[in-house]
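Here's the structure, in structure tokens; my notes come after.
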Amino acid sequence: MIVLKSEAEIALMRRAGRVVAQAHDMLRERLRPGITTGQIDAWVEEFLLRQGARPAFKGYRGYPASCCTSVNDEVVHGIPGERVLVEGDIVAIDIGAFVDGFCGDMAWTYGIGPVSELAQTLMRVTEEALYKGIEQAVVGRRLSDIGHAVQTHVEAAGFSVVRDFVGHGIGREMHEAPQIPNYGPPGRGVRLKEGMTLAIEPMVNCGDYRVRVPGVEPVFIHRALELGAKGVVVPRVRGANEVRQAVAAVKFPPEGERGICPASRAFDYRPADPLRFVSHANEETVVIVLIEQPETVAAIDEIVAVPGVDAVWFGSGDLSAAMGLRERLLAGDEEARAAVEAQRQRVLAAARRAGVP
């Protein structure tokens, strides 16, 4: 649900945004070759606390720091640590803070000493794209007009827009509806209304738009399964952790479009796959996990327990049955629920036969 803010609430949000902007002003005076990303985080945390603000990132889903420091080819969510910045690096520093119950959130990319012409151009084009998106954030426009303006400007300059990560609404929570992709056709999505508060976050690559998450083995989604508007099948997972990541990335399609099996941050995918990244799933979404790798059977109980998973289907030979099950689950069919439990028991039996504890 999109929460509209009153004038008084927006005034409070400005205070949070101002503190975050001041934190960036402080960093501009200190960034230089030879410092570590951990030092940056310490400076940010000290500054925010001195202003009476609460760091928004620290502790969020277990995140250990008060800011994100993403260096060079790291797109977002880089964790500060012992990495030493050298001349020629660029570092994106993302800072969030709560002040008087509202959140401010801002990322900025800095050059460390002299940087290459390409890096300068990348930073300039990304900043320009931000303002192109802001120009579209007016009452009466559609949500996708923002992303279309960003994408058009970025691609005209020869760069690409990251699609796996998006902007978002903001307010009393750091991440609120709606999600705001930095790409797509114009004229789609909700109409923008007075009182909406949006964090527009262009993320731009010099090369391909795709990204990978270090430490996560890519899983190729060989097919995108077109489903109904309130359901999704997550195929080709290799364990409970990938199920959690996939469920967290399940997207709700825009009005008038059909749902499509999503990729998550854990998944690489082919450019031809018609994947969409729109908004988080909600309680109406039915998620069916297809178990296709024998080793995944070992994690069946853990997978079933993942929040958001409604059913597990063993093997990929009968996708139509899985999709039919989704429709019945949505309708509240008790026989379908019983079928899910029976399927789970068959998977457990298969695990026992295979000698899996």
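We did not get these values from a lab; they are worked out from the coordinates using the rules stated. Quick caveat: nothing in here was measured; it's all calculated off a predicted structure. Note: ideal-geometry Cβ built from the backbone for every residue, glycine included; neighbour counts use all protein chains shown.
Values as computed for the structure displayed
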item	result
Debye-sum result for the stretch 1-144 in log10 I(q)/I(0), which assumes one identical scatterer on each alpha carbon, at q = 0.12, 0.15, 0.16, 0.17 Å⁻¹	-0.55, -0.84, -0.93, -1.03
Student exercise, the stretch 107-146 dipole from Lys, Arg, Asp, Glu Cβ charges, in Debye to nearest 20	160
Over the stretch 34-175, relative contact order from alpha-carbon pairs under 8 Å, at least 6 apart, %	18
If the convex hull is drawn through the Cα atoms of the stretch 118-168, its volume per residue in Å³	74
Note, ³J(HN,Hα) from phi for the stretch 203-208, Karplus 6.51, -1.76, 1.60, rounded to Hz, x at Gly and Pro	10, 10, 10, 6, x, 5
Relative exposure of Phe98, Phe47, judged by other C-beta atoms within 10 Å (fewest first)	Phe98, Phe47
Pair Val139, Leu49: separation of 7 Å Cα→Cβ label points (nm)	4.3
Distance in nm between pseudo-label sites at Met1 and Glu127 (7 Å out along the Cβ direction from Cα)	4.0
Check: the stretch 15-117 dipole with +1 on Lys, Arg Cβ and -1 on Asp, Glu Cβ, in debye	420
Percentage relative contact order, the stretch 140-207, counting C-alpha pairs under 8 Å, at least six apart	47
Kirkwood Rh, angstrom, the stretch 72-154 [1 / mean 1/r, Cα pairs]	14.9
Residues Ile134, Ile170 arranged by fewest to most Cβ contacts within 10 Å	Ile134, Ile170
